[in-house]
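Read-outs throughout are calculated quantities, based only on the coordinates presented, and are distinct from any laboratory measurement. Being a predicted model, the structure only gives us computed values, none of them experimental. Quick reminder, even Gly has a Cβ in these numbers, built from the backbone with ideal geometry, and neighbours come from all protein chains shown.
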Amino acid sequence: MNMILEAASTLDNAMLEAREMERLTLRFPDLSLDDAYLIQDEGIKLRSIRGEKQIGLKMGLTSEAKRKQMNLGSPIYGVLTDRMQIQEGSTFLLEGKIHPKIEPEIAFIIGRDLRGKVTREEALAACSGVAAAMEILDSRYIGFNYFSLPDVVADNSSSAFFVLGKIHNFTGDETDSKFDLSKIDLGKLEMSMEVNGEVVQRATSDAISGDPVMSIVLLSELLESRGLTLPAGSIVLAGAATQAVKMEPGMEIRLSVTSLGSVSVRVG
Ligand code: OOG
Ligand code: MG
């Protein structure tokens, strides 16, 4: 078995068995970022063999807060599948997870294919909607810390689960009369994440890539460098605005975002 397949299957087993593993670069010290994305691709193939469908992509390390928390320098992406999506307001069970953390995000729905270098305006024009969102990360590596960029990319950028609030469609949704993109600055939304009613993380949405729409611009470029397109219909998580918070039993976690509303999960 070659290194790419072996690494992907080791990571996949760690996830399925909810077991921490040694980081890949201890075993493969020369692991490149390109190879790491190939390992990520193989990991997604293993999930698709089990019936999972790719429904989106997530950007990671798009905020200074996250780059500092993880001590890593540049934005990365990962893949989201249908089985990673959990329902708003539902109970998230810690059983079967390794050491999950949750973080406040903004999600976009991509309305038409995007490829290569695009402007902010082109990226926004390709979106059909936006929502408040939270991502639940669950690194497969021991201690959820001190890994390198290739380690985290190979591990699908720590993706585990995500939850979306109400999707505000930019066009054709007459029931959502309050939402008017021309009156909203997506870079100036107040985001506040509460645990059991107490604010634990707070930021303005410009913490994400200077403007969360810029995460889509970055994602399109990252995909293009690998010969890929950002497909219409994708859900895109723009990256966390603040550091992630460790999930503990009994927590009721709610993110509120101005103009977008709130989204919550309970930890069981
Ligand atoms: C890497 C993934 C980072 C974000 O939103 O910045 C990420 C990690 O923190 O393990 O999802
Ligand atoms: Mg994230």
From fewest to most C-beta neighbours within 10 Å, the residues Thr25, Thr119 line up as Thr119, Thr25
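Quick one: net charge of Gly250's neighbours, Cβ under 15 Å, K/R +1, D/E -1?
Its environment carries a net charge of -2.
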The whole-number value in µm²/s of the Stokes-Einstein translational diffusion coefficient for segment 124-268, with Rh from the Kirkwood sum over alpha carbon pairs at 4 °C and 1.567 mPa s, is 77 µm²/s
If the label point sits 7 Å along Cα→Cβ of Leu33, residues of segment 130-158 with amide N under 12 Å come out as 149-151, 153
Relative contact order as a percentage, segment 46-119, C-alpha pairs under 8 Å and 6+ apart, gives 26 percent
With Cα coordinates, the longest principal axis of the chain makes an angle with the long axis of helix 212-224, in degrees rounded to 10, of 40 degrees
Between the Cα axis of helix 3-16 and the main Cα principal axis of the chain, the angle (0 to 90°, nearest 10) is 60 degrees
Here the averaged projected area of the chain, based on the convex hull of its alpha-carbon atoms and given in nm², is 13.4 nm²
Exposed-loop cut sites defined as trypsin sites (Lys or Arg not before Pro) in DSSP loop states with at most 16 other Cβ within 10 angstrom; longest site-free run of the chain spans 118-165
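Report relative contact order for segment 105-188 in percent, whole number only (criteria: Cα-Cα under 8 Å, sequence separation at least 6).
Numbers: 97 pairs, mean separation 24.5, N = 84.
Averaging sequence separation for qualifying contacts and normalising by length gives 29 percent for segment 105-188.
What is the chain's relative contact order, in percent, from Cα pairs under 8 angstrom and six or more apart in sequence?
Once divided by the residue count of the chain, the mean separation gives 28 percent.
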Zone reached by a paramagnetic label modelled 7 Å from Glu17 Cα along Cα→Cβ, restricted to segment 98-130 with backbone N below 15 Å, covers 98
Taking a ≥ b ≥ c as the square roots of the eigenvalues of the Cα gyration tensor, with a/c under 1.5 meaning rounded and otherwise prolate when a/b exceeds b/c and oblate if not, segment 33-108 is oblate
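Nearest 500 deg cm²/dmol is fine: what mean residue ellipticity at 222 nm does the chain get from its DSSP H runs of n ≥ 4 alone, each adding -39,500 (n - 2.57), divided by its residue count?
Numbers: 7 runs with 67 residues, N = 268.
That comes out to -7000 deg cm²/dmol.
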Taking N as the number of residues in segment 1-73, the ratio of its alpha carbon radius of gyration to 2.2 N^0.38 Å works out to 1.22
Going fewest to most other Cβ atoms within 10 Å around each Cβ, Phe179, Phe162 line up as Phe179, Phe162
Listing Ile55, Ile110 by rising number of other beta-carbon atoms within 10 angstrom, fewest first, gives Ile55, Ile110
Taking every other residue with Cβ under 14 Å from the Cβ of Leu137 and scoring Lys and Arg +1, Asp and Glu -1, one gets -1
